[in-house]
Amino acid sequence: MIEVRNLSYQIKEKTILENINVDIREGDFVAIIGPNGAGKSTFLKLMLGLLPIQTGSIHYYQQDHTDYLKENQLAYLPQKEAFTPNFPLKVIDLVLMGRMFGKKLFRRLTKKDMDIAIESLKLLKIEQFKDKLINNLSGGEFQRVLLARALATESKYIFLDEPEAGIDTVGLAGFYELLSHMNELGKTIIAVSHDLDKLSEYCKIVICLNKTLHCHAKPDANIKQIIHEFIEEGK
Amino acid sequence: MFSFLAINFLMYSFIAGILSAVSTALLSVFVTLKKISYMSEALSHISFAGIALALLLGLSINIVSSIFVMIVVGVILYISLHYNLEESNVTMLLMSVSMAIGIILLSFKKSYVADVSSYMFGNILLINKADLYWLSVLIIINLLFIMGFYREIIYTVYHTSIAEFYHVPAKLITVILLTVLGLNIAISVKITGIVMITAQLILPGMISLNLTRVISKAIVFSVFVSVLSSILGFLLSFHYNLPSGAVIVVVLFSFFLVSLFLKKLLIKEIQ
């Protein structure tokens, strides 16, 4: 359970987010929708602890989010994970990055870590990529590997920032289906996106954001119409 | 062929050349992947001020220059973090200032001109037995760093902020990497010279990454090619009476060209 209370955020006197109040329940599949510059990514980064909170609070299970994050690893797929071209990293090693949490200095990864990483790859049906170099993957394949790393953390929450970037339309439907499957397995999914039409077929809750919270509802036809109008207005 | 080893100081410099090739090559793959070749270039110039200070005060060059370089690494990191400035700009700024300070300090010494060129281009006559111990300790430090933090270093080099999100101590690793790099440069600079040590820090990594995409293998190969270049370079320079540092760089560059050619062949084979 994530409770966001009176959350506001400013950059140099410009208001990015204003007085956001929302609860995200365990097992939800949340799509955060809004026009460009609506503060979607900022909202995500605040929840992830990647930006410091200025006003308001975020609690995970009644625990202040900074304390929670010290003891727990969240899973996060950034908008863009740009790496040096030809960086010689194998898929399995990138997935194992998700197992670094709680490792003291000089403490090695164990067989259990390796098993969890392999299991994550299997779940996403990309086990065969294990020893491939990340450089040789397509955009969609790379996103799946990042999702495998997210699973390897064993976090209850998976945050995604515009996962549609870098995947073609066919690949995207498959990717959303995977997310849906992860959700069925008990993961709480929180995805920021531009692409409501596709995502709304899979998500359970839509949060509409444009500085303030505009709506928070199930994605039925009625709501979709309202959201479309809202996004058009935003443009 | 190896008759020169009978002469003590030549033997020392020959061994020192090999040891320095090993220590710099151990870091070379990471320097190449993290794209901090400008850092090695800058730190070698920064060490010049340390050397000048040691010469003026009549103290150990290795100690003074190591401490000086480490302090400057600290200053670079502090300024770029706390004043939100681009790290590369701060580094280049401090490089110019250090060179300026070094030249001012050396102008107080009478033998100014000879000293500058010795340190700019390396001078085997400057090497003594103590340097061999220093270089050996340095190799051990490098090995401990790489073996102790192998995965952490790779993740930090891959993507610092993502690594941090996944609880890799990326900032600490960066600080240690730069400090170890600074130490290597401060100690090795006498042998290869300020101008050419960057080649020794970049080329072995570039050569080995042309030939293998496995980081651990690349590190081993990088050491191999660096030592081979050092031995070949030394023999050639002795035989034709040429400056050793410069010859080693040219030999390394020849290996680089060969590796480019082989890389093309390898890619064709895969296709």
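Lysines within cross-link reach of residue A:90: Cα-Cα under 18 Å, excluding same-chain residues under 8 positions apart? Counting by Cα, and skipping residues close in sequence, residue A:90 has these lysines nearby: A:111, A:122, A:125, A:130, A:132, B:34, B:217.
With the convex hull drawn over the C-alpha atoms of the range B:197-260, the volume per residue is 60 Å³. Using the empirical formula 2.2 N^0.38 Å as the baseline, the Cα radius of gyration of chain A reaches a ratio of 1.02. Comparing the protein assembly as shown with the 2.2 N^0.38 Å rule of thumb, its C-alpha radius of gyration ratio is 1.17 (two decimals).
Loop only by DSSP, 16 or fewer other Cβ within 10 Å of the Cβ. Give me the trypsin sites (Lys or Arg not before Pro) in the range A:27-118 that pass, ordered by residue number. Qualifying residues, ordered by number: A:80, A:104, A:107, A:108. Multiplying the residue separation of residue A:165 and residue A:194 by 0.36 nm and subtracting their alpha-carbon distance yields 9.5 nm. Couplings 3J(HN,Hα) for the range B:47-57, derived from phi with the Karplus relation 6.51 cos²θ - 1.76 cosθ + 1.60 (θ = phi - 60°), are 5, 4, 5, x, 5, 4, 4, 4, 5, 5, 8 Hz, where x marks Gly and Pro. Relative to the Cα centre, the charge distribution of the protein assembly as shown, modelled as +1 at Lys and Arg Cβ and -1 at Asp and Glu Cβ, gives a dipole magnitude of about 1480 debye. Among the residues of the range B:206-231, those with an accessible-area drop of 20 Å² or more from chain alone to full protein complex, heavy atoms and 1.4 Å probe, are B:213, B:215. Remark: mean inter-chain Cβ contacts per residue of B:155-166 equal 6, using a 10 Å Cβ-Cβ cutoff to other protein chain atoms. Multiplying the residue separation of residue B:78 and residue B:60 by 0.36 nm and removing their Cα-Cα distance gives an extension gain of 3.8 nm. Rounded to the nearest 20, the Cβ-based charge dipole of chain A about its Cα centre (Lys and Arg +1, Asp and Glu -1) stands at 920 debye.
Which residues in the range B:215-242 have a backbone N closer than 12 Å to a point placed 7 Å from the Cα of residue B:121 along the Cα-to-Cβ line? Those under the cut-off are B:242. Ordering of A:204-210, A:9-15, B:43-49, B:196-202 by packing is B:43-49, B:196-202, A:204-210, A:9-15, highest average first (other Cβ atoms within 10 Å, averaged per residue). A cut-off of 5 Å between modelled amide H atoms, ignoring neighbours fewer than 5 places along the same chain, links residue A:160 with A:77, A:190, A:191, A:192.
Partner shielding of A:90-98 amounts to 3, given as the average count of beta-carbon atoms from other chains within 10 Å of each residue beta-carbon. On the basis of the beta-carbon distance and an R0 of 22 Å, residue A:19 and residue A:66 show a calculated FRET efficiency of 0.60. In the range A:82-154, Rg over Rh equals 0.97, where Rg is the alpha-carbon radius of gyration and Rh the Kirkwood radius from pairwise Cα distances.
Can you pull out the buried accessible area for chains B and A, both sides counted, probe 1.4 Å, rounded to the nearest 100 Å²? The contact between A and B buries close to 2600 Å². Residues of chain B were split at every exposed loop site, defined as trypsin sites (Lys or Arg not before Pro) in a DSSP loop with at most 14 other C-beta atoms within 10 angstrom, and the longest piece left, sites excluded, is B:111-271. What separates the Cα centres of the range B:62-83 and the range A:180-197 is a distance of 46 Å. The residues of the range B:1-139 expose, per residue, 46 Å² of accessible area to a 1.4 Å probe. Rolling a 1.4 Å probe across all protein chains gives residue B:160 an accessible area of roughly 50 Å². Summing Cβ point charges (Lys, Arg +1; Asp, Glu -1) relative to the Cα centre of the range A:82-154 gives a dipole of roughly 280 debye.
At q = 0.07, 0.11 Å⁻¹, what is the base-10 log of I(q)/I(0) for the range B:3-265 according to the Debye formula with one equal point scatterer per Cα and no solvent? Please give it to two decimals. For the range B:3-265 at q = 0.07, 0.11 Å⁻¹, log10 I(q)/I(0) is -0.23, -0.59.
Comparing A:11, A:134, A:146 along the charge dipole axis of the protein assembly as shown, the residue lying farthest to the positive side is A:134, per the Cβ-charge model. Along the axis of the charge dipole computed for chain B (Cβ charges of +1 for Lys and Arg, -1 for Asp and Glu, origin at the Cα centre), the listed residues B:44, B:144, B:179 are led at the positive end by B:144. Based on C-alpha pairs under 8 angstrom that are at least 6 apart in sequence, chain B has a relative contact order of 31 percent. Across peptide A:74-81, the mean count of Cβ atoms from other chains lying within 10 Å of each residue's own Cβ comes to 2. In this structure, residue A:222 and residue A:55 have a Cβ-Cβ separation that, at R0 = 45 Å, corresponds to a calculated FRET efficiency of about 0.85.
The values are calculated or read from the model by the stated rules, or taken from the named source; none is laboratory data. Owing to the predicted nature of the structure, the values given are computational and were not obtained by experimental measurement. As a convention, Cβ positions derive from the backbone with ideal geometry for all residues, glycine included, and neighbour counts pool all protein chains shown. What goes into the accessible areas is simple: the full protein's heavy atoms, side chains included, and nothing from ligands, DNA or RNA. Shrake-Rupley method; radii C 1.70, N 1.55, O 1.52, S 1.80 Å.
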